[in-house]
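Remarks on the structure that follows.
The values are calculated or read from the model by the stated rules, or taken from the named source; none is laboratory data. No experiment lies behind these values; they were computed from the predicted model shown. As a convention, Cβ positions derive from the backbone with ideal geometry for all residues, glycine included, and neighbour counts pool all protein chains shown. What goes into the accessible areas is simple: the full protein's heavy atoms, side chains included, and nothing from ligands, DNA or RNA. Shrake-Rupley method; radii C 1.70, N 1.55, O 1.52, S 1.80 Å.
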Amino acid sequence: MIYRARDLHFQYWLDRHPVPALRGVSLEIAEGESLVLSGPSGSGKSTLLSLLGLIEPMQAGSIRFLGEEVAAISEDRRNGLRRHEIGFIFQNFQLFPTLSAEENVEYFLIRQGIPTLERKKRVKHALESVGLWNRRHHRPLELSGGQRQRVAVARAAAKRPKVILADEPTASLDQQTGREILSMLDALRSEHRATLVIASHDPMVLERAGRIYRLADGLEVNS
Amino acid sequence: MRKLTERLWRAAWVMKLAARNLFRQPRRTFAVLLTVGLGSASLFLFQGFNTGIMNQYRENSIHARYGHGQLHTRGYLETVFEKPWEHWIDNYDEVAGALRAMPEVKQIFPRVEFFALLTNGSINVSGHGTGVDGVEESTFFTTLNVEEGNMLSSEEDGILLGRGLANALKLNPGDRVTVLANTVHGSLNGVDLTVTGIFHTGKKEFDDVAFRIPIAQARKLLDTERVESVAIGLKEDGLWDSFSRRAAAEFSTLTPTSFAVLDKVYYQNSVDWLKSQFGIIRLIILSIVVLGIFNVVATSIFERKMEIGNLRANGDSSMDVLLLLLAEGAVMGVVGALLGIGGAWALNTGLFADGILMPPAPGLTRQFHVRIELDVLTAVLTFGLGSVCCLVATLLAAWRVAKLGIGDALRSI
């Protein structure tokens with residue numbers, strides 16, 4: 001198992017009032033699996049994704065990631081795991097507006113310490129995989145929404161992470177483009193044997209899911 | 001080696017990203033550059049202006065009155081004597097020979113000072129006279145402002161009068177005046193002299209009493225072969241310390257005193273006062289610059305919370321984010337400070353090339369031009385201050401955002 005999550009609780013604070021987001025969620029995810037966290041808005045799927053991505057601090061419960069107890073590892077180690085083992089794709093793309101498509105993909109590889117030649121190879125391959133090599137010099141503002149999301153996919157894939165976490169990756173796209181993005185994610189998962197976890201309530205995403213983990217009000221409904 | 005190369009590559013990318021980020025919000029970047037630039041230019045010009053004033057004070061003090069310093073017998077300046085002339089320098093020729101052999105010395109000016117009564121036949125006014133070597137002094141004391149007639153030079157019976165004294169005696173160049181004084185033996189003596197010129201130094205209380213006569217006439221008037229002091233003109237302003245050490249070793253009975261000590265009330269106090277004032281104004285300018293930059297940078301950084309969240313989500317630490325933002329601050333600081341210093345330099349060679357006309361300073365009676373004196377060291381210091389200000393302001397603005405939780409940063413709009 002790449003993830004073992006047990007009895008996860010998480011709450012946000014709004015005006016000094018606790019708002020529970022997760023109320024005892026347990027989950028296991030196998031290596032190479034394609035899982036969709038599904039549920040209506042406010043069900044806790046994005047929070048669960050954030051916990052799996054080591055983005056939010058643990059409050060209660062336990063997550064084992066790659067055999068390590070997340071609550072017990074240092075901040076440096078968490079940064080390292082996020083840098084090397086986890087690729088993120090966000091609903092709003094989160095590209096650097098001042099960097100070209102090529103530079104956006106390359107940036108996190110530099111942060112990973114990948115040698116130059118290998119880095120250049122990976123960038124080319126990733127952009128070719130999403131069909132944007134010919135647009136590599138374009139900046140995000142010069143690309144359409146779908147193209148930006150493809151750059152974001154290429155960026156996550158080029159890191160060669162063990163897990164790709166995508167939060168509503170199709171929400172800002174039209175159906176056709178959303179479908180293309182999902183196909184690319186599937187292809188990349190197969191190519192790199194990565195685990196893919198998507199938080200989404202888009203029926204098109206659910207259709208293609210290997211497994212669906214349904215949440216409502218911070219609790220698992222059924223899988 | 002490979003690790004080092006990769007680290008350098010990474011640092012270069014951080015700088016590249018930082019530099020490009022400056023073009024994201026051109027107006028804000030311009031506002032920061034303007035703040036740093038104006039702050040740096042203000043500091044640079046103000047420091048140059050102060051240096052100009054201090055240099056002018058120094059030049060006035062050296063070339064109008066004291067020379068670079070003076071030699072007196074040991075303890076003479078600190079003590080009030082009943083018969084001061086008994087403590088004057090009695091071996092002047094020997095001292096003059098030794099002084100002229102010193103490498104720092106360009107000119108020497110023997111002097112005697114005395115109180116006297118001046119009369120034009122109908123009006124008597126007391127004055128403070130100085131016996132000087134007119135030929136030597138006319139080539140060195142160039143900032144003594146002779147408004148009528150000429151400097152005292154080779155005239156054997158000439159007298160140069162301060163403006164106030166000449167007015168009181170109603171004298172003009174060419175008029176005759178009698179100077180009466182006690183000799184060192186106590187008897188009354190007098191000499192008849194011709195006014196060669198009228199001067200002012202800008203200090204009213206000095207110009208109201210001061211006059212100069214040839215030292216030979218002064219010695220005759222006082223009936224002494226001694227000189228009270230020897231003013232020194234050096235080859236360069238910076239040679240005083242070296243001269244002072246050499247003179248102290250050479251003359252066991254004489255003490256060298258620099259013009260800054262002789263003119264402490266006018267020169268040294270002014271310099272200390274201006275430096276202190278400049279320190280306060282510098283602090284005010286720097287505070288305004290820091291607050292101005294903080295305001296602009298903080299807004300800009302707060303709008304980039306999601307991007308910062310993305311960086312953190314992909315493994316960057318708070319410190320990595322802080323360094324990126326500081327790199328942006330550093331780029332803006334460096335560019336802004338360079339622009340400010342360059343602009344100030346251009347302004348100074350153009351608009352302020354002739355200096356700035358200033359009203360009379362405290363204790364002075366005349367206006368004067370102050371040149372803004374800019375130099376490389378001040379430019380470097382100002383550049384450093386401008387850049388550091390920008391870094392400090394960025395650090396203050398970036399600290400909170402860099403420390404923000406990743407989830408909170410990503411959720412922000």
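List of remarks:
- P(r) histogram, all alpha-carbon pairs of segment B:304-387 included - 10 Å bins from 0, percent: 15, 26, 21, 16, 11, 8, 3, 0
- Nearest 10 degrees, 0 to 90: helix B:376-402 Cα axis against chain B principal axis: 30 degrees
- Chain B: relative contact order in percent, alpha carbon pairs under 8 Å with at least 6 residues between: 26 percent
- Averaging Cα coordinates gives a centre for segment B:154-183 and one for segment A:130-147; these two points are 92 Å apart.
- Evaluated on segment B:222-262, the Kirkwood hydrodynamic radius is 11.7 Å, with distances taken between all distinct Cα atoms.
- Under a model in which nothing but the beta-carbon of Lys, Arg (+1) and Asp, Glu (-1) is charged, segment A:27-94 shows a dipole of about 200 debye around its Cα centre.
- Taking every residue in A:94-102 and counting other chain Cβ atoms within 10 Å of its Cβ, the average works out to 4.
- Gyration tensor (Cα) of segment B:120-170, equivalent ellipsoid semi-axes in angstrom: 21, 12, 10
- Of all the options B:127, B:329, B:279, the one that moves most in a Gaussian network model of chain B with Cα springs shorter than 10 angstrom is B:279.
- C-alpha long axis of helix A:175-192 to longest principal axis of chain A, angle in °: 90 degrees
- Electrostatic dipole magnitude of segment B:1-84 [Cβ: Lys, Arg +1; Asp, Glu -1; Cα centre; debye, to 20]: 1000 debye
- For the protein assembly as shown, diffusion coefficient by Stokes-Einstein and Kirkwood Rh (Cα), 20 °C, 1.002 mPa s, µm²/s: 68 µm²/s
- Looking at the protein assembly as shown alone, DSSP beta bridges between its own residues are antiparallel in about 70 percent of cases.
- DSSP finds beta bridges in segment B:150-235, and of those with both partners inside it, around 65 percent are antiparallel.
- Centroid-to-centroid, using Cα positions, segment A:1-68 and segment B:91-146 are 94 Å apart.
- Relative to its residue count, chain A spans a Cα convex hull of 127 Å³ per residue.
- The ellipsoid that matches the Cα gyration tensor of segment B:247-374 has semi-axes, each √(5λ) in whole angstrom, of 50, 22, 14, with the longest given first.
- Reducing segment A:187-211 and segment B:198-239 to their Cα centroids gives an inter-centroid distance of 99 Å.
- The apolar share of the surface of the protein assembly as shown, taken as the fraction of accessible area on carbon and sulfur atoms (1.4 Å probe, ligands and nucleic acids excluded), comes to 56 percent.
- Each of B:150, B:387, B:46 was scored by the projection of its Cα onto the charge dipole of chain B, and the greatest displacement toward the positive side belongs to B:387; charges sit on the C-beta of Lys, Arg, Asp and Glu.
- Residues considered: B:345, B:13, B:88. Largest GNM mean-square fluctuation over chain B, using C-alpha springs under 10 Å, is found at B:13.
- Built amide H within the under 5 Å cut-off of residue A:212, gap 5+: A:36
- Selection from B:318, A:177, B:270 lying farthest towards where the dipole of the protein assembly as shown points positive, charges on Cβ: A:177
- Note on segment B:60-195: Cα-only Rg and Dmax are 16.2, 50 Å.
- Amide hydrogen proximity for residue A:164: with H placed 1.01 Å from N in the peptide plane, the residues at 5 or more positions away or on another chain lying under 5 Å are A:87, A:195, A:196, A:197.
- Bridge type composition, chain A - antiparallel percent by DSSP, nearest 5: 55 percent
- Kirkwood hydrodynamic radius (C-alpha pairs) into Stokes-Einstein, segment B:1-120, 37 °C and 0.692 mPa s, D in µm²/s: 150 µm²/s
- For chain B, the convex hull drawn through the C-alpha positions has a volume of 185 cubic angstrom per residue.
- Degrees separating the helix B:240-250 axis from the principal Cα axis of chain B, which is the longest one: 40 degrees
- Compactness ratio for segment A:144-197: Cα radius of gyration over 2.2 N^0.38 Å (N = residue count) comes to 1.04.
- Working note: Debye formula, equal point scatterers on the alpha-carbon atoms of segment B:277-340, no solvent; log10 I(q)/I(0) at q = 0.12 Å⁻¹ is -0.42.
- Summed buried accessible surface, chains B and A, 1.4 Å probe, nearest 100 Å²: 2700 Å²
- q = 0.14, 0.23, 0.25 Å⁻¹: log10 I(q)/I(0) that the Debye formula gives for segment A:60-157, counting C-alpha atoms only: -0.57, -1.11, -1.25
- Accessible surface, segment B:107-264, averaged per residue in Å² (probe 1.4 Å): 42 Å²
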